[in-house]
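Read through the structure below, which is laid out as structure tokens, and then see the notes.
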Amino acid sequence: MLAPLKDRSLIEREPTLSADERIAQLEAANAALSSALRQSRQAQRRNATLAARNIVAQANEIERLETLYWTAHQRVTVLESGQAIIELGRRLMALSEANEQLIDAASRVWTLDRTLCAAREECARMAHDRDLAINRLDKDSGCPLKPSP
């Protein structure tokens, strides 16, 4: 058996409203729900747009990283195959040969320069001896001679 309630308002529903008041109340609730639904849809559209942008950005980043990975992978493959070392060895041999040729050419230039300097000194010495001989002949013979230029 149930105990009697002291406060009957607990089991009673809303106070009775007139039909016009009830319609106005329902229309207001409907308008509020429509506005909330519109805002919710706008928020969902914004979120969907942002999510799509993020997906595109992440897909582009994945593509960039995959390209970077494959480039690095190919480079590592070349290095592991020894082709890079072989190519460096070839270049070193070619440069060594060119260096030897350059050293030989520089040695020849140095030798030619020394020879040329010695020839100039010898030429100057011979010109001086010639001038001395002309001066002696000039003094001994009594008739002046002109030195050749």
Residue within segment 39-55 that is open to solvent by 80 Å² or more (accessible area, probe 1.4 Å), modelled with pLDDT under 95 and in a helix (DSSP H, G or I) present: no
Test: residue in segment 17-36 that is of a type in the set (D, E, K, R), out of contact with any helix residue (DSSP H, G or I) (no Cβ under 9 Å at 6 or more places or on another chain), loosely packed, with under 10 Cβ neighbours inside 10 Å and modelled with pLDDT under 95: yes
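The values are calculated or read from the model by the stated rules, or taken from the named source; none is laboratory data. Keep in mind that what you see is a predicted model, and the values were worked out from it rather than measured. We place every Cβ from the backbone using ideal geometry, glycine too, and count neighbours over all the protein chains shown. What goes into the accessible areas is simple: the full protein's heavy atoms, side chains included, and nothing from ligands, DNA or RNA. Shrake-Rupley method; radii C 1.70, N 1.55, O 1.52, S 1.80 Å.
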